[in-house]
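Data block below; observations after.
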Amino acid sequence: LQAAADSSAASRKAGMTTASIIEALPAPYVLSAVVVHHGDARSGHFTTFRRVNALPEPPARHQIKPTEDKNEVVRVITERQSTYARLSEALKKSRWVHVSDDIVMPVAPELVYSSEAYLLFYEKYDF
């Protein structure tokens, strides 16, 4: 955290504000669905793996004001790290289903991750 705060001070000298530094922190994208094509180029069938559990609510977005306060940068980064940790724990407990026409059945995450994906859907976990 100290390194992030120190680098933010250097960035401010280069013309970046604390708000732009914090806004530049990456927002995670969470895999929410995987579409698989069964068959060949002429014919086949599409099925989908879908995450069904709810992820934790992102924290309320704060209005970030330009500041020279190193503690504010550290506070926001610490809050985001805590949110990442909660999200990571929720993802470890993820439940997936396989959907094919009107059939929906639970599947192991390993099956999802080892499938030959045709299309991937991600949801932005926004801060």
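Remarks
- Evaluated over the stretch 82-127, the Cα radius of gyration and Dmax, each in Å: 13.1, 39
- A full extension of the chain between residue 85 and residue 122 corresponds to an added length of 11.4 nm, given 0.36 nm per residue minus the alpha carbon distance.
- Accessible surface of residue 40 - all protein chains present, 1.4 Å probe, nearest 10 Å²: 90 Å²
- In the complete set of protein chains, residue-level accessible area for residue 75 is approximately 100 Å², probe 1.4 angstrom.
The values are calculated or read from the model by the stated rules, or taken from the named source; none is laboratory data. Just so it is clear, the structure is predicted and the values come from calculations on it, not from any experiment. Just so you know, the surface numbers come from the protein's heavy atoms only, side chains and all, with ligands and any DNA or RNA stripped out. Shrake-Rupley method; radii C 1.70, N 1.55, O 1.52, S 1.80 Å.
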